[in-house]
Amino acid sequence: MPRKKKDTETITEDKAAESANNVAESIDKLAGKKIEQKTTPEIKKLPAQPELNIALVGHVDHGKTTLTERLSGKWTDTHSEEMKKGITIRLGYADVIIYKCSNCGYYTTKEKCAKCNSLTTPLRKISLVDAPGHESLMATMLSGAAIVDGALLLVAANEKCPQPQTKEHLMALQITGIKKVIIIQNKIDLVSHEEALANYKEIKEFLSTTEFKDAPIIPISARANANVDRLVQTIYEYIQIPQRELNKEPLMLVARSFDINKPGSKVEQMKGGVLGGTIKQGVFSVGQEIEISPGYMVEEKNKKIWKPLKTTIKQIFSGGVPVEKIQPGGSMAFSTLLDPSVVKSDSLTGSLVSLPGKLPPLHYQISLDTFLLERIVGAKEDLEVKPLAKNEVLMLNVNSAATVGIVLDPSKKNTTVILKKPICATIGARLTISRRVGDRFRLIGYGILKL
Ligand code: GDP
Ligand code: ZN
């Protein structure tokens with residue numbers, strides 16, 4: 001049995017790439033398929049806005065950040081730089097362009113081919129969503145699922161598969177209805193050929209019990225840059241751009257809201273509040289009047305109520321660049337005429353934005369058809385999911401909103417929940433349900449909004 005190499009051991013890119021490519025070949029043979037080198041498609045001019053949102057998920061330390069860096073050439077948390085400019089959001093989005101070498105067919109995210117040094121041709125701009133930390137990753141996935149078109153699930157080849165969060169993330173993808181998932185068998189440089197194949201079989205076995213049993217599995221080394229070209233090609237070919245609903249009423253999901261003025265700014269120089277998030281459907285343009293719901297909270301007669309806000313879009317930013325119009329794809333931000341004090345410290349996170357009068361209804365109390373899992377995923381011990389109980393506290397996620405609710409009636413068909421903060425959502429919307437287990441909320445199922 002060959003000795004396992006440590007993460008910290010130095011590896012040459014060439015050697016790792018060679019062995020990873022051998023493993024990739026064997027795995028392709030096992031899977032009985034061959035990725036064809038397609039001829040370069042007609043080149044259209046790339047739109048400024050990314051066309052796809054792809055989430056990176058997987059157990060801690062399996063390589064999400066390293067891969068994001070490898071593909072984008074920058075760490076996702078450098079967004080704090082842009083944050084200073086006050087024009088973009090800090091969700092951990094990294095925009096990446098997929099290129100193909102027109103000479104040798106190599107896929108890359110760079111303008112120059114690493115194989116033959118020719119210039120490459122841009123094919124598609126994508127937006128990678130990488131949330132730092134497990135808790136925020138789950139929250140991003142559950143609330144962001146509405147805007148994610150596909151996901152990359154990283155699995156470290158030098159550990160047994162599945163690890164708890166690998167299971168939990170895959171379950172979350174399944175529950176939120178994400179279909180296009182690519183499994184990345186990472187850290188291939190740390191294992192022998194035989195170990196890589198044994199790990200591949202574990203992954204296959206694990207997937208066989210899920211709806212992703214035919215998902216592509218790509219062995220790579222993010223650190224040694226091995227087989228990443230194959231991964232880029234698979235992303236391009238496997239996760240297609242869905243039909244966007246551009247003619248529907250525009251809807252934006254607010255992930256963050258903030259005040260970009262420096263403390264002590266003069267009133268006449270004050271800039272209006274900024275809303276950051278993603279477009280779910282339709283198109284927004286500069287100058288349009290918009291409405292935001294649930295909006296902001298006020299206390300009236302000792303009761304907390306939420307009031308919608310109306311304002312005008314002053315500017316739109318896509319990837320930090322001003323644009324005239326915006327449609328689904330990537331992260332974006334509006335600057336508005338809202339009073340900065342209303343938007344500060346993410347006070348509008350979870351709100352929906354549309355044109356005045358076009359927003360879905362606001363619910364302080366909801367009724368659901370609920371579907372619970374059999375077992376709690378990702379927990380250390382094997383725990384059964386018990387039925388909901390009267391007065392139980394739940395966390396519910398819908399669109400970009402997270403709210404806490406108390407169960408009034410636990411019946412399966414008509415689960416009634418009183419919400420601490422109301423949600424703005426259409427009848428038929430899918431909410432994920434989490435319950436407190438130990439020290440945190442765990443995903444236990446989902447519900448369909450009836451009322
Ligand atoms: P994350 O928690 O999923 O974001 O994982 P990171 O990207 O932070 O990676 C965790 C550790 O694994 C870091 O020390 C990385 O340098 C290392 N790592 C990531 N990918 C590879 C790889 O392909 N090969 C090796 N040897 N180490 C890797
Ligand atoms: Zn080339």
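The values are calculated or read from the model by the stated rules, or taken from the named source; none is laboratory data. These numbers were taken from a predicted model, which means no experiment stands behind them. Quick reminder, even Gly has a Cβ in these numbers, built from the backbone with ideal geometry, and neighbours come from all protein chains shown.
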- Item | Residue match in region 261-269 (condition: modelled with pLDDT of 85 or more and outside the structural domain of residue 51 (by TED's automatic domain parsing)) | no
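Out of all the residues in region 305-319, is one or more of a type in the set (Gly, Ala, Ser), touching a residue at least 40 places away in the same chain (Cβ under 8 Å) and in the same structural domain as residue 271 (by TED's automatic domain parsing)?
Yes, there is a match, as at least one residue in region 305-319 is of a type in the set (Gly, Ala, Ser), touching a residue at least 40 places away in the same chain (Cβ under 8 Å) and in the same structural domain as residue 271 (by TED's automatic domain parsing).
How many residues does region 220-255 hold that are assigned to a loop (DSSP other than H, G, I, E, B) and charged (D, E, K, R)? Full working, then the answer.
Applying the first criterion (assigned to a loop (DSSP other than H, G, I, E, B)) to region 220-255 yields 220, 222-225, 227, 239-250.
Now restrict to residues that are charged (D, E, K, R): 223, 244-245, 248-249.
Total meeting the criteria: 5.
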- Message: If I go through region 306-341 residue by residue, how many of them are small (Gly, Ala, Ser) and outside any strand (DSSP E or B)?
- Response: 6
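Go through the residues of region 371-387 one by one and say whether even a single one is in a strand (DSSP E or B) and within 30 Å of residue 359 (Cα to Cα).
Yes, the conditions are met somewhere in region 371-387.
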- Message: Cβ-Cβ under 8 Å, sequence separation 6+ or interchain: first residue in region 382-402 and among the acidic types (Asp, Glu), partner modelled with pLDDT under 90. Which pairs?
- Response: 382/375; 384/374; 384/375; 384/376
- Item | Number of the condition not met by residue 195 [criteria: (1) surrounded by fewer than 21 Cβ atoms within 10 Å (Cβ to Cβ); (2) part of a helix (DSSP H, G or I); (3) within 16 Å of ligand 1 (Cβ to nearest atom); (4) modelled with pLDDT under 95] | (4)
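Can residue 367 be described as touching a residue at least 60 places away in the same chain (Cβ under 8 Å), in the same structural domain as residue 413 (by TED's automatic domain parsing) and more than 30 Å from residue 167 (Cβ to Cβ)?
Numbers: touching a residue at least 60 places away in the same chain (Cβ under 8 Å): yes; in the same structural domain as residue 413 (by TED's automatic domain parsing): yes; more than 30 Å from residue 167 (Cβ to Cβ): yes.
So residue 367 passes the test.
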- Task: Pick out the one residue from 287, 273 that is over 23 Å from residue 245 (Cα atoms) and not aliphatic (A, V, I, L, M).
- Result: 273
- Considering 227, 247, which residue is of a type in the set (S, T, N, Q), in contact (Cβ under 8 Å) with a residue 24 or more places away in the chain and on the phi > 0 side of the Ramachandran plot? 227
